[in-house]
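The values are calculated or read from the model by the stated rules, or taken from the named source; none is laboratory data. These figures come from a predicted structure and were not determined experimentally. Reconstructed Cβ throughout: ideal geometry from the backbone, glycine too, with neighbour counts over all protein chains shown.
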Amino acid sequence: MKRRSFLKLTGMAGLAAGVPSAAGLGSNREQSAKASHGAAQTKTPASPETILLKDYRPKSLYKIPVTEIAKAKYPIIDMHSHPDAKTSQQIEEWVRNMDEVGVEKTMILTMTTGREFDDILRKYGKYPERFEVWCGFDFTGYDKPGFGPGAIRELERCRQAGARGVGEIHDKGQGLRSGKSKASGMHPDDARMDSVWAKCGELGMPISLHVADPIWMYQKMDKNNDGLMNAYYWRLDNQPNIVGLSGMIDILERTLAKHRNTTFVACHFANLDYDLARLGEVLERNPNLYADISARYAETAPIPRFAGQFYAKYADRLVYGTDMGFDKPMYHITFRILESLDEHFYEIEQFSYHWSLNGLGLSDAVLEQVYHDNAAKLLAARG
Ligand SMILES: [Zn+2]
């Protein structure tokens with residue numbers, strides 16, 4: 001979910017205006033604008049005794065190289081974005097930005113079906129070489145007997161219209177969701193979903209599936225919470241009847257095992273960016289799984305050596321994604337983190353963390369796979 005829609009949903013938009021930490025994790029230009037607005041409001045000089053974590057804006061003191069990368073080293077296929085451009089002018093601007101930063105093609109994960117899907121498809125259809133528009137699921141009647149055929153009919157209709165994949169489908173522990181269509185309490189491994197996942201495989205439609213959320217959302221909101229700056233506004237620790245992060249990974253694995261002919265892309269490292277060793281095991285056990293790296297740059301940049309080793313070991317299973325709008329500085333930051341060996345830099349307005357970041361300095365071979373080749377292979381395999 002995008003933070004903006006979350007804020008709208010919970011009526012927290014006003015709060016966000018004064019809280020820079022509410023942006024990031026899939027932030028976009030609007031959120032960044034809100035964030036900097038918030039920073040400006042809190043500019044009155046505070047005593048170091050009372051500076052709040054949310055207002056902390058350290059600047060690196062090191063005189064060390066700063067790498068600016070305006071264009072990615074290899075052509076990119078972006079496997080995780082959303083219909084953030086609303087007007088044809090904005091879509092044109094997006095295409096220009098893609099040209100400048102080196103993005104060949106972007107997957108637009110609409111999460112929608114029906115007319116809403118058709119409208120988005122029409123808008124982006126002007127650039128069939130640059131965008132793929134993926135549909136969602138219609139969960140209508142999921143809680144009544146006979147669920148399946150209706151959802152499949154709509155899936156087939158969207159496929160016919162031009163959807164070559166499905167996403168982004170969420171389950172943050174409370175059940176499946178495709179945009180506004182919700183299936184509370186029905187998780188991906190539910191038998192009711194079997195025919196739907198199987199049909200995706202038959203139709204050659206990979207699924208972009210978001211399970212769980214960052215670990216700090218589940219942890220206690222106290223002085224030991226490493227993600228506290230973001231966590232407090234995104235907390236899940238106070239949600240009743242929620243399947244925890246580890247339980248959601250088990251659900252993901254059961255789903256993958258049941259549907260070997262269906263290809264899944266786990267969004268955001270399956271939220272195992274804090275435990276990449278476990279993600280490695282999940283990838284090894286499940287050949288029908290890829291993971292996208294979208295909106296988890298700030299989460300992997302604090303551990304550049306460990307993350308770099310992970311990228312090297314699973315270079316054939318990771319795909320590039322953004323999930324953070326379409327402005328050029330956003331793309332540039334992802335390049336700096338993946339390509340450079342820069343150390344100890346901050347990107348607080350983009351990611352909202354107080355953590356300092358480091359470049360991973362990925363090798364050319366790894367970059368080429370993650371930026372492009374794995375996605376190209378996955379997309380080509382659809383036939
Ligand atoms: Zn997303």
| request: Answer yes or no: is there a residue in the range 340-350 that is within 16 Å of the ligand (Cβ to nearest atom) and in contact (Cβ under 8 Å) with a residue 24 or more places away in the chain. | output: yes
| query | Is there any pair with a first residue in the range 292-309 that is at positive phi and a second that is within 12 Å of the ligand (Cβ to nearest atom) whose Cβ atoms are under 7 Å apart and which are 6 or more apart or on different chains, and what are they? | reply | Ala295/Leu25; Ala295/Gly26; Ala295/His268; Ala295/Asp323; Ala295/Met324
| request: Pick out the one residue from Lys199, Lys258 that is basic (Lys, Arg), buried (at least 17 other Cβ atoms within 10 Å of the Cβ), farther than 30 Å from Lys54 by Cα and out of contact with any Pro (no Cβ under 8 Å at 6 or more places or on another chain). | output: Lys199
| said: List the helices (runs of 4 or more DSSP H) inside the range 291-383, counting only whole elements, that have at least 3 residues being among the aromatic types (Phe, Trp, Tyr), over 20 Å from Glu104 (Cβ atoms) and modelled with pLDDT of 95 or more. | reply: 304-313
| request: Would you mention how many residues in the range 215-238 are of a type in the set (A, V, I, L, M, F, W, C) and surrounded by fewer than 19 Cβ atoms within 10 Å (Cβ to Cβ)? | output: 1
| Considering only residues of the range 159-174 that are touching a residue at least 60 places away in the same chain (Cβ under 8 Å) and more than 16 Å from the ligand (Cβ to nearest atom), which is farthest from Gly247 (Cα to Cα)? | Arg164
| request: Please work out which residue is surrounded by the fewest Cβ atoms within 10 Å (Cβ to Cβ), limiting yourself to the range 143-162 and to residues that are more than 12 Å from Gly114 (Cβ to Cβ) and touching a strand residue (DSSP E or B) at 6+ places or on another chain (Cβ under 9 Å). | output: Asp143
| query | Looking only at residues in the range 293-339 that are of a type in the set (S, T, N, Q) and crowded, with 18+ Cβ neighbours inside 10 Å, which one is nearest to the ligand (Cβ to nearest atom)? | reply | Ser294
| Restricting the range 76-114 to residues that are assigned to a loop (DSSP other than H, G, I, E, B), more than 16 Å from the ligand (Cβ to nearest atom) and not small (Gly, Ala, Ser), which is nearest to Arg296 (Cα to Cα)? | Lys86
| message | Quick check on Asn241: is it touching a residue at least 60 places away in the same chain (Cβ under 8 Å), crowded, with 19+ Cβ neighbours inside 10 Å and not charged (D, E, K, R)? | response | no
| field | Tally of residues being more than 16 Å from the ligand (Cβ to nearest atom) and surrounded by fewer than 18 Cβ atoms within 10 Å (Cβ to Cβ) across the range 175-189 | value | 3
| message | Please determine whether any residue of the range 202-211 is assigned to a helix (DSSP H, G or I) and under 30 Å from Ala163 (Cβ atoms). | response | yes
| note | Those residues of the range 122-142 which are acidic (Asp, Glu), more than 16 Å from the ligand (Cβ to nearest atom) and crowded, with 17+ Cβ neighbours inside 10 Å amount to Asp138
